[in-house]
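**Q** There's a structure below that I have some questions on.
The values are calculated or read from the model by the stated rules, or taken from the named source; none is laboratory data. Here the structure is a predicted model, which is why all the values come from computation and not from measurement. FYI the Cβ positions are ideal-geometry reconstructions off the backbone, even for glycines, and counts take in every protein chain you see. Keep in mind that these areas ignore ligands, DNA and RNA; they rest on the heavy atoms of the full protein, side chains included. Shrake-Rupley method; radii C 1.70, N 1.55, O 1.52, S 1.80 Å.
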Amino acid sequence: MEEKEILILAIESSCDETAAAVVREGREVLSNVIYSQIDLHTIYGGVVPEIASRKHIEKINQVVQAALDQAGKKLTDMTAIAVTYGPGLVGPLLIGVSFAKALSFAAGIPLIGVHHIEGHINANYIENKELEPPFVCLVASGGHSHLVVVKDYGEYEVIGRTRDDAAGEAFDKVARAIGLGYPGGPKIDKVSKQGNPEAIHFPRAKVVESVYDFSFSGLKSAVLNYLNSCQMKGEEIDQADVAASFQKAVVDVLVEHSMAAVKEYGFTKFAIAGGVASNSSLRTAFEEACEKEKVTFYHPSPVFCTDNAAMIGTAGYYEYKKGARDGSDLNAVPNLRLGE
Ligand code: KG4
Ligand code: ZN
């Protein structure tokens, strides 16, 4: 008998994107629908959890239906339903998890809870069909900055993490301080192109006990102090120079720590993931560093870097193949850790 193809319906709602996707055989994205709430949160300068939850409730049905329609599939065609169950905002997570549980129960389709960071890492498999573990992956997003050794499908060892702010969080906070607004990452990326990254020297923090850990709060404070001192002296700030110099400081640290890990572990493959991975200067810096070290550099397209459900579908596929199944007791876990 011919084996049935594996189709995963994936749902992601951990922060401010309501997203659903249909993924065939792990790496082929049949649909990838993302409803972004960014405009709703912009006036508050960041994501407001209550507003996010309410919007997820309003949108999730339509988004999931659109993902099935665009894939030309019905719910009953699905092999399994994968859903992000953490980490993230508890209200938003609960909406995706409850919705997925209800669909799974109603249609009698297996349910698989997926770790959001695992999803980000797995985004690399979508467009790089030849990529297989093991490799080192830097996950830099609004909530996380992790250096991860991907030992096998679904097997991760976190070797470095941020001690305070995540890289994306630093981008967002600095952007707000220099008057660029939310979300800061793409805006800093854009204005930096007009600025001089060597104009101001901001610190590159090292964590003494752990070479792979990150710390970005000192850098953020250094930028704020610089802005204050300019204001006190009545000097105008050059927004583009501040943005470019800050961005360079973040990129330098991310590249240095990542390349140290790649060398130490002796892998010939390196990947990036998460919202910050769409940063143009970060990509260029990694292209150069990897070329120098003769390491193959992998990265997802920007749409698969920021939150999306296709990446959850890919991660869900590998979890499904390994036999992972969840029941109606699956719950949202806001501070879920990876690799434990
Ligand atoms: O992965 P993501 O969509 O959500 C989380 O899981 O956190 O990442 C969002 C983060 C935000 O902090 C945003 O400012 C940052 O990614 N980001 C960027 C860029 N695009 C998004 N940071 C730097 N440069 C970009 N081009
Ligand atoms: Zn994310």
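**Q** Can you tell me how many residues in the stretch 9-60 are among the β-branched types (Val, Ile, Thr) and outside any helix (DSSP H, G or I)? Quick ask: steps written out before the conclusion?
**A** As a first pass, look at the stretch 9-60 and keep what is among the β-branched types (Val, Ile, Thr): 11, 18, 22-23, 29, 33-34, 38, 42-43, 47-48, 51, 57, 60.
From what is left, the residues that are outside any helix (DSSP H, G or I) are 11, 18, 22-23, 29, 33-34, 43, 47-48.
Final tally of qualifying residues: 10.
**Q** Tally time: how many residues in the stretch 185-237 are small (Gly, Ala, Ser), within 16 Å of ligand 1 (Cβ to nearest atom) and under 30 Å from Lys263 (Cβ atoms)? Walk me through how you get there before you give the answer.
**A** We begin by selecting, within the stretch 185-237, every residue small (Gly, Ala, Ser); these are 185, 192, 195, 199, 205, 210, 215, 217-218, 221-222, 229, 234.
So of that shortlist, the ones also within 16 Å of ligand 1 (Cβ to nearest atom) come out as 185, 192, 195, 217.
From the residues that got through so far, the ones that are under 30 Å from Lys263 (Cβ atoms) too are 185, 192, 217.
Looking only at that region, the number is 3.
**Q** If Ile34 passes every condition in (1) in contact with a strand residue (DSSP E or B) (Cβ under 7 Å, 6 or more places away or on another chain); (2) more than 16 Å from ligand 2 (Cβ to nearest atom) but one, which one does it miss?
**A** (2)
**Q** Keeping to the stretch 127-162, report how many residues are aliphatic (A, V, I, L, M) and open to solvent by 20 Å² or more (accessible area, probe 1.4 Å).
**A** Start the filter on the stretch 127-162 by keeping residues that are aliphatic (A, V, I, L, M), which leaves 131, 136, 138-140, 147-150, 158-159.
Still in the running and open to solvent by 20 Å² or more (accessible area, probe 1.4 Å): 158-159.
Final tally of qualifying residues: 2.
**Q** Are there any pairs with C-beta distances below 8 angstrom linking a residue in the stretch 289-314 that is among the acidic types (Asp, Glu) and more than 11 Å from ligand 2 (Cβ to nearest atom) to a residue that is in a helix (DSSP H, G or I) and open to solvent by 40 Å² or more (accessible area, probe 1.4 Å), with the two at least 6 apart or on different chains, and if so which?
**A** Partner pairs satisfying both residue conditions: Glu293/Lys263.
**Q** If you don't mind, there's one more thing I want to ask. Need pairs with beta-carbon distance below 6 Å; first residue more than 16 Å from Tyr226 (Cα to Cα) and open to solvent by less than 20 Å² (accessible area, probe 1.4 Å) and within the stretch 163-178, second within 16 Å of ligand 2 (Cβ to nearest atom) and among the polar types (S, T, N, Q); sequence gap 6+ or separate chains.
**A** Ala166/Ser145; Ala167/Ser145; Gly168/Ser141
**Q** Only helices (runs of 4 or more DSSP H) wholly contained in the stretch 209-302 count here; list those with 2 or more residues that are open to solvent by 50 Å² or more (accessible area, probe 1.4 Å) and either touching a His at 6+ places or on another chain (Cβ under 7 Å) or within 28 Å of Val148 (Cβ to Cβ) (or both).
**A** Details: elements: 217-232, 239-265, 280-293.
By residue number, 239-265, 280-293.
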